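Undergrad: Have a look at this one before I ask anything.
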Amino acid sequence: MTQFLQTAVGGLSIGTVYALVALGFSIVFRTMGLVNFGHGDILMVGAFLTATFFTSWHLPFPVAIVLAVMVAAVMGFGFERILRPLERSDLNLMLIGTIGFGIALEGVAQLIWGSIGTAVPTPIANTPLHVGGVIISPYDLLVLAAATFVMAALYVFLNRTKAGIAMQAAAMDYDAATAVGINVSRCNGRAFAIGAGLAAIAGGLVGPLVYVQVSMGSSIGIRGFAAAILGGFGNIPGAIVGGLVFGLIEEFAQGSSYGAYTDVITFVAFTLVIMIRPTGLLGEQTVARP
Amino acid sequence: MRTIRFGHRSRRRRALAAGSAVVLSLAVGTGVGTAQPKATKLPPAKTFNVALIGSDSGTNADLGTWDYQGTTLAAAYINSHPSAFHNVHIKITKFDDQGDPTTAANLAQEVASGHYDLVYGSSLSTDTLAMMPVLSAAHIPEVTSGQSNAILAQGDGYVFLNSAPSSIYDATLAKYAFDKLGDSRVAMLTNNDSYGASEHTAMLANLTARGLTPTDDEVVVPTATDMTGALSLIAKANPKVLFLGMEEVQSGLAVKQARALGIKAVILEGAPAATPIYVQTAGLSNVVGTIVSSPYLSNTLNAQTKAFAAAYMKAFGVAPELHGAKAYDGMMIVATALNMLKGKWTGPTLAAAMHRVKYTGLTGKFVFDSRGLGLHATQIAVINNKGALVIPKNAVSRPSK
């Protein structure tokens, strides 16, 4: 039982990171019906920015993350603005644009930070805690708490603020939202900015857990994407559930006798779930486009 | 597939390297001492084309960088001493295999249909194994930084290791940790790429030979960054020693995560633990006491390493470590073979000459066997509280073959 709980704690920790990545994918998809394939690379930039602010500029870790989120949000907003002319013509072109954007980001990151990457020290004293025989890393708890706070804040924004409700309306019915005077393009820009911000938070938080380097976005990004689909693409609670479930599957696979086949087990389990529930665990949500 | 050729920064580095070669040539008499002919009338200049294939992006980009730095420093030395090397000019072209064996095999095809005399690479064993059939068929010698015993098992006459393989690294570790220190509660954490699998096999053989069984034996994928699932099983087994068989960054992450789970076991590892990336990734406090097996323990070991370190620092602005020294030795071995051929070579004659080379370099004495194994010994060191490698007083100074 202790071993089960120990593995579950590890799964929840990495799962919250996947949930944040999945949220970023989902918020753009539900608003625009677009998969932002550059999302993983925004995470990578967020991780590098946090690492730079924290280790080179010696700013406190929370300040480093907030700054990274601001830069990423501006980047996301600007990217949506570049893609906006394509919105009404061909969504596939926008999708290819996001792939190109991701590749460009990798190139720029390599120019700025080099190809070797950097290790980020754990920002808090990480003496393990022993709770009922289960060993818990304080940094894992920090990640869990920060991710929970961000998810709660996102929920409040989407459901309790005018801008958030406008985004929800635009996601539900494009034409109706336009008819009642909602600026849908602005909503799309906000969705991109929020998605990029979420990616930057995930990147910043995951930095001390992994090694920050240019190609990290693809490996974490693909897991976040899978988590979003697992929970139900475009579904906000689904993204959280998908991320946590994906993290748990991965951790239990690694802790089994078949740890060498973790990726195979995880993605086979993912495929089986999707075969049984093609719209994900909580159902897909996306905008009905004209 | 992406090919990176020398850019402005590379040219600047080459210029720096060339300048530093003067310093090196004054101080490193032994660097090429076994091969220097008397300076006579120079033969016509000939270009020796080297394809440097390695991981220059991704998690293992550090390995590609070290290979690049070590080889270019050696090339700068060779090029600045035309009379000592039959006026052979080394030209290095860099290719990025991204740490991916498919990309590496494609690059090997590209190189095989080009005008290259030697492939230096890859920095990863898996990629080396992917390239070997292509290069061997094209009669292009290959000097690799890979350390997997699987490379030697191919029996390929065209491949040469610039270091010892896993079996030698791990035999040195086992002799010290199990025979001298008497540790017996050993857990193993390895990945399942070619290098990790080789480390796993070699260490398990050492344990079995001593009648020991690992308290826990976990294998993860080489891309795993979160290893808490496997490490929590290891924590449950409460080992005194944790053997790692994975590349630099992954090793560092494993140690960082192990300590966060309360695993206090002494870390036991080969070449990856002898690098600054390992210390940086894990955090200094987590790696103090790590027992390392390496053929290159210090930049201040002797006059040769001191001169090498000074030239390296001048050229690249960083202190060298094991992999840079390995790469330098590998290129100097090629230069020694070219000298034996008096600057006239083909693929087969160069490979044959390299099998006859006897070279004492920064990492030890090289004498190649038919499989491409040249270096036959490593040494033991421990990481101290400053992150430096120190030779423990009770360690064997240099085990004989």
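What follows draws every value from the coordinates through simple rules; no lab data is involved. Just so it is clear, the structure is predicted and the values come from calculations on it, not from any experiment. Cβ: placed from backbone, ideal geometry, glycine included. Neighbour counts: every protein chain shown.
Undergrad: Let me confirm one metric for peptide B:196-208, namely the mean number of other chain beta-carbon atoms within 10 Å of its residues' beta-carbons.
TA: Whole-number average of other-chain Cβ neighbours for B:196-208 is 0.
Undergrad: Next question, about the same structure. Each residue of the range B:155-161 in turn: what ³J(HN,Hα) in whole Hz from Karplus with 6.51, -1.76, 1.60 and θ = phi - 60°, glycine and Pro shown as x?
TA: Result, ordered by residue: x, 8, x, 9, 10, 9, 7 Hz.
Undergrad: Any aspartates and glutamates with Cα under 16 Å of the B:Lys358 Cα? List them, leaving off those in the same chain fewer than 8 positions away.
TA: Partners found: B:Asp329, B:Asp369.
Undergrad: Sorted by mean Cβ packing within 10 Å, highest first, what order do the peptides B:58-69, B:177-188, A:62-73 take?
TA: By packing density, highest mean first, the sequence is B:58-69, A:62-73, B:177-188.
Undergrad: Compute the separation of the alpha-carbon centres of the range A:22-53 and the range A:90-157 and state it in Å as a whole number.
TA: When both Cα centres are located, 10 Å separates them.
Undergrad: Separation of the range B:271-293 and the range B:177-233 by C-alpha centroid, Å?
TA: Distance between centres, Cα-based: 17 Å.
Undergrad: Assign one of three labels to the range A:96-249, namely rounded, prolate or oblate, based on the Cα gyration tensor with a ≥ b ≥ c the square roots of its eigenvalues; rounded applies when a/c is under 1.5, prolate when it is not and a/b is larger than b/c, and oblate otherwise.
TA: Judged from the Cα gyration tensor, the range A:96-249 comes out oblate (a/c at least 1.5, b/c at or above a/b).
Undergrad: Here is a follow-up. Quote the FRET efficiency, to the nearest 0.05, computed for A:Ser256 versus A:Ala104 with a Förster distance R0 of 51 Å and r equal to the Cβ-Cβ distance.
TA: Rounded to the nearest 0.05, the efficiency is 0.80.
Undergrad: Here is a follow-up. Past the 28 angstrom mark, what percentage of all C-alpha to C-alpha distances in chain A do you count?
TA: 35 percent
Undergrad: Please identify every one of the GluC sites (Glu not before Pro) in the range B:194-291 that sits in a loop by DSSP and has no more than 13 other beta carbons within 10 Å of its own beta carbon.
TA: none
Undergrad: Now a separate question. Given contacts defined as C-alpha pairs under 8 Å and at least six residues apart, what's the relative contact order of chain A, whole-number percent?
TA: It comes to 38 percent, rounded to a whole number.
Undergrad: Given a cut-off of 23 Å, name the pairs among B:Lys314/B:Lys344; B:Lys326/B:Lys393; B:Lys46/B:Lys306; B:Lys180/B:Lys365; B:Lys91/B:Lys326 whose C-alpha atoms lie farther apart than that in the structure shown.
TA: Over 23 Å Cα-Cα: B:Lys314/B:Lys344; B:Lys326/B:Lys393; B:Lys46/B:Lys306; B:Lys180/B:Lys365.
Undergrad: In whole Å, what is the distance between the alpha-carbon centres of the range A:166-214 and the range B:327-352?
TA: Each part's Cα centre sits 58 Å from the other's.
Undergrad: For the Cα atoms of chain A, what angle does the longest principal axis make with the long axis of helix A:236-254, in degrees from 0 to 90, nearest 10?
TA: Approximately 30 degrees, to the nearest ten.
Undergrad: Just counting partner chain Cβ atoms within 10 Å, what average do the residues of peptide A:268-281 show around their Cβ?
TA: Average per residue, whole number: 0.
Undergrad: Angle between the Cα long axis of helix A:61-83 and the longest principal axis of chain A, 0 to 90 degrees, nearest 10?
TA: 30 degrees
Undergrad: How would you order A:208-220, A:3-15 from highest to lowest mean count of nearby Cβ atoms within 10 Å?
TA: A:208-220, A:3-15
Undergrad: Here's another thing I want to ask about it. Can you list the HN-Hα couplings for the range B:66-75, worked out from phi with the Karplus curve (6.51, -1.76, 1.60; θ = phi - 60°), rounded to whole Hz and with x for Gly and Pro?
TA: In residue order, the calculated couplings are 5, 4, 4, 5, x, 6, 5, 5, 5, 4 Hz.
Undergrad: Please state the Cα pair-distance histogram of the protein assembly as shown with 20 angstrom bins from zero: what percent is in each bin?
TA: 18, 47, 28, 6, 0
Undergrad: Going by a ≥ b ≥ c, the root eigenvalues of the Cα gyration tensor, does the range B:141-267 fall in the rounded group (a/c under 1.5), the prolate group (a/b larger than b/c) or the oblate group?
TA: Because a/c hits 1.5 or more and a/b fails to exceed b/c, the range B:141-267 counts as oblate.
Undergrad: Cα to Cα, under 23 Å, and not fewer than 8 places away if on the same chain: which lysines meet these conditions relative to B:Lys236?
TA: Counting by Cα, and skipping residues close in sequence, B:Lys236 has these lysines nearby: B:Lys256, B:Lys264.
Undergrad: Could I ask something else about it? Ranked highest first by the average count of other Cβ atoms within 10 Å around their residues, in what order do B:288-301, A:225-238 fall?
TA: A:225-238, B:288-301
Undergrad: How crowded by other chains is A:123-136, given as the mean number of beta carbons from other chains within 10 Å of each beta carbon?
TA: Other-chain Cβ atoms within 10 Å of each residue's Cβ, averaged: 2.
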